[in-house]
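In what follows, a single structure is set out as structure tokens and then discussed.
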Amino acid sequence: MAGKTAGTKSKNKTVRNTGKSAKTDNTRNKRQFWAIIGFVSGLLILALAIFPGESVWRFFHNVLYGLFSFGVFLLAPAIVYLSVLASTERPIGAVKNKIWQLGLLLLMLCGALHIFLKGQPDGNNFIDTVALIFEQGVDLKNGGLLGAVLGTPLLLGCGELGAKIIIILAIFTFVMILTGTTIAGVLRTASKPVRKLQENYQARIDHNRKEARFDIDVDLGPRSAKRVVDIPLSDQDAAPAKPEEKKADNEKAEPDASKNKSELEMLVKKAQQTPDLPPVLQTDSNNQMRLSTENLNDDNYVYPPVSLLKMPKSGAGVDTSEELKANAARLVDTLKSFGVQTRIIDISRGPTVTRYELQPSAGVKISRITGLADDIALNLAAAGVRIEAPIPNKAAVGIEVPNKQVDIVTMREIIDSPEFENSKSKLSVALGRDISGNVTIANLAKMPHMLIAGATGSGKSVCINSIIVSLLYKATPKEVKLLMVDPKVVELGVYNGIPHLLVPVVTDPRKAAGALSWAVTEMLNRYKIFADNNVRDLDGYNEMARISDELETLPQIVIIIDELADLMMAAPNEVEDAICRLAQMARAAGMHLVIATQRPSVDVITGVIKANIPSRIAFAVSSQVDSRTILDGGGAEKLLGRGDMLFYPVGMPKPVRIQGCFVSDKEVEQIVQFVKHKDTASYDEQVISEIEKNAVKETKPGKAEHDGGGFDDEDEMLPAAIECVVESGQASTSFLQRKLRLGYARAARIIDELEAQGIIGPMDGSKPRQVLMTRQQWIERNMNQNNE
């Protein structure tokens, strides 16, 4: 009986366990089922939100936006996340907590959208108000009906400002609770950028205090002036040794060879050391900082931050020691095979090329080395080598060999360098790095004019952009004014609207001659002012103006011509005469020329122009003839392109090879947009009218040259109508009738013409037409079109 009772109990227990297990499996299956349903629903909601579709799909698309507006893009990921969470073994209570937390966050965000987008309509009754809120949610103009549930009471009870403050604080508090963040943690996170900024600033100060390094004179020890590496070329170089000295010589041979080898390795190691890049400030995207010299004369102008430029690539480069050693040995062996005995005394590795400095033996003519350029290139398997013989201020010959690994010089590392920041001249421009890797900064005031030439794609336009960007980083509109001439139309048009411009960028070659004529007139007027005040130049006059209340300071003027060849074809005599007069006399008046051309022929760069512009920059050209036209010597035909240049400033005995800094079109656009946003352009109407008058004078005889770009085929009152519309900011037929005293039909035709030209918008019911063109845009358009 007892056994039977025990068996019955065991059987009942087994049945209960089986039932409990079945119940658990059933719950798990239900949970997985609803997780799958939720996951698919989230994906479906996301698809409905992204694709409008048609018919029923469009109806549900509008319903989602009407209920949640932008919040639908949080709703769909939230549902997918909760579905994945439910499919795991998490407790059901944890899943429910996440549901109400994400739901409350969605409600707050929709309410914030309702408040900040001013989505509270004025309805006649409750139903009309709900319908308007729903329609605005479909158009993404509020936070949807869900946002109105929280936003409407806050707006009615606390006003717009109070509602914004409350909703921001509520979201901040809820996010802190949701993420488990403490106030102390928030303060620590906020203080990290400040500490990093302080460390970078201190590092910059320490960097500025370091002594400058020299690539030529290297100390080998006490009282040692230069490091000289003597690579033995043959055993017969030395005189025959006496029998009693042979043993001693044999004992010293091995130590001497190892010494030469170690010195070569030291030279290679030194050549690999590139100048330290200046520490770049690490700032948040919302913070903007610039460490250049601040100027207090112009409170309206804000210098563009260096964060608009791309950071240079950091980190150690590719190990080039083996390449340098091999090239050094090949150079010596190649020259030795032609009977030229030399030894390497220094190696300087630049961004693009490496210069091996060789000291020839006594009695070796330099012409024997320069005549072996092609043979050296063949033995080094290089695209081409350039020989500088001799190197200025050195008893050595430089052989420049292209690097297999080219380093890009960015605009940011030059602008952010101590050399640029500490330069006092407002006309300091960034060029790049020289063959030793040192930053090269040019001063336009001392040049005082510059000629830039090079073939297409050699880096000429990038160089002009770097010059202009440097001026934007260095000077305010009150200190430097720009006059740009761009016959190619597409190169300098991006700078229209910056406050430094005197007039919009001149693109018509015939008007360019008028612009240069105005520059000559302005130069003569300045000299007359200097004579009246007994000063000799612009600096003296501005010093007097700063201590006098009756005088105003005059800005320096930089005239940039992007393509001289087009101007010389349109008006050669006028352009050449104006350039020559400016080049001869404009320096003391504070006016400087920067002229660029891609056709360095004698009919473009005439002898008169070249004689009056002493400073030149030559990029890669196709022939030695073009190089001689620019530099009065060869060398530019052996450049590598892509910013590789020869800089030949006034006063230098020979050109200096520089790798130009690179600034992209996107960086230029960002800088221009920043400058235009902070300070609008104010063009000089008198200068514009003077240029127009001079251009008309010059083109009057050749009326057949015009292309009909004026208003001759339209109504004669059209220019006056454009002026009225742009000035007042409104356009209608009745407005033109009143202002210009026109009939209805004529005024209506002018309105139609204004709409066809894109000056005003289309008719929008009873609302006034929208004026699409500002006065500044109208001036630019009027300057750049041809007048009949």
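The values are calculated or read from the model by the stated rules, or taken from the named source; none is laboratory data. What you see is a predicted model, and the numbers here were worked out from it, not measured in a lab. No Cβ is skipped: glycine too gets one built from the backbone with ideal geometry, and neighbour counts run over all protein chains shown.
Observations, loosely collected:
- Options 118, 96; residue that is outside any helix (DSSP H, G or I) and either touching a helix residue (DSSP H, G or I) at 6+ places or on another chain (Cβ under 6 Å) or surrounded by fewer than 18 Cβ atoms within 10 Å (Cβ to Cβ) (or both): 118
- Some residue of region 472-480 being polar (S, T, N, Q), at negative phi and either touching a Phe, Trp or Tyr at 6+ places or on another chain (Cβ under 6 Å) or assigned by TED's automatic domain parsing to the domain that holds residue 372 (or both): yes
- Residues being touching a Leu at 6+ places or on another chain (Cβ under 6 Å) and under 30 Å from residue 52 (Cβ atoms) - total across region 147-174: 2
- Tally, over region 38-63, of residues that are under 24 Å from residue 90 (Cβ atoms) and touching a residue at least 12 places away in the same chain (Cβ under 8 Å): 7
- Residues that are surrounded by fewer than 19 Cβ atoms within 10 Å (Cβ to Cβ), in a loop (DSSP other than H, G, I, E, B) and not β-branched (Val, Ile, Thr) do not occur anywhere in region 346-354.
- The lone exception for residue 52 - which of (1) in a helix (DSSP H, G or I); (2) over 27 Å from residue 32 (Cβ atoms) it fails: (1)
- Test: residue 586 is in the same structural domain as residue 492 (by TED's automatic domain parsing), surrounded by 21 or more Cβ atoms within 10 Å (Cβ to Cβ) and over 19 Å from residue 486 (Cα atoms): yes
- Filter result for residue 491 (over 17 Å from residue 613 (Cβ atoms), assigned to a helix (DSSP H, G or I) and of a type in the set (Asp, Glu)): no
- Selection from region 720-735 of residues that are assigned to a helix (DSSP H, G or I) and more than 21 Å from residue 782 (Cα to Cα): 733, 734, 735
- When residue 697 is tested against the conditions (1) within 22 Å of residue 504 (Cβ to Cβ); (2) at pLDDT 50 or above; (3) over 38 Å from the mean Cα position of the chain (by Cα); (4) not aromatic (Phe, Trp, Tyr), the lone failure is (2).
- Selected residue [small (Gly, Ala, Ser) and either modelled with pLDDT of 80 or more or touching a strand residue (DSSP E or B) at 6+ places or on another chain (Cβ under 8 Å) (or both)] from 78, 94, 86: 78
- Which listed residue, of 414, 399, is within 30 Å of residue 367 (Cα to Cα) and touching a Lys or Arg at 6+ places or on another chain (Cβ under 9 Å): 399
- Unique residue being touching a residue at least 40 places away in the same chain (Cβ under 8 Å), within 30 Å of residue 435 (Cβ to Cβ), more than 22 Å from the chain's Cα centre (by Cα) and not in a helix (DSSP H, G or I) when the list is 630, 605, 609, 658: 605
- Residue 637 passes every criterion in (1) surrounded by 14 or more Cβ atoms within 10 Å (Cβ to Cβ); (2) at pLDDT below 85; (3) of a type in the set (Asp, Glu) apart from (2).
- Among strands (runs of 3 or more DSSP E) entirely within region 360-461, having at least 3 residues that are of a type in the set (Phe, Trp, Tyr) singles out no element at all.
- Candidates are the residues of region 393-406 that are at pLDDT below 85 and among the charged types (D, E, K, R); the one that is surrounded by the most Cβ atoms within 10 Å (Cβ to Cβ) is 394.
- Every pair of residues 6+ apart whose Cβ atoms lie under 7 Å, when the first sits in region 755-769 and is in contact (Cβ under 8 Å) with a residue 12 or more places away in the chain while the second is part of a loop (DSSP other than H, G, I, E, B) and among the hydroxyl-bearing types (Ser, Thr, Tyr): 768/732; 769/732
- Across region 672-680, not a single residue is classified as without any contact (Cβ under 8 Å) to a residue 24 or more places away in the chain, hydroxyl-bearing (Ser, Thr, Tyr), surrounded by fewer than 19 Cβ atoms within 10 Å (Cβ to Cβ) and out of contact with any Phe, Trp or Tyr (no Cβ under 8 Å at 6 or more places or on another chain).
- Exactly one residue out of 515, 545 is touching a residue at least 12 places away in the same chain (Cβ under 8 Å), among the hydrophobic types (A, V, I, L, M, F, W, C) and in a helix (DSSP H, G or I): that is 515.
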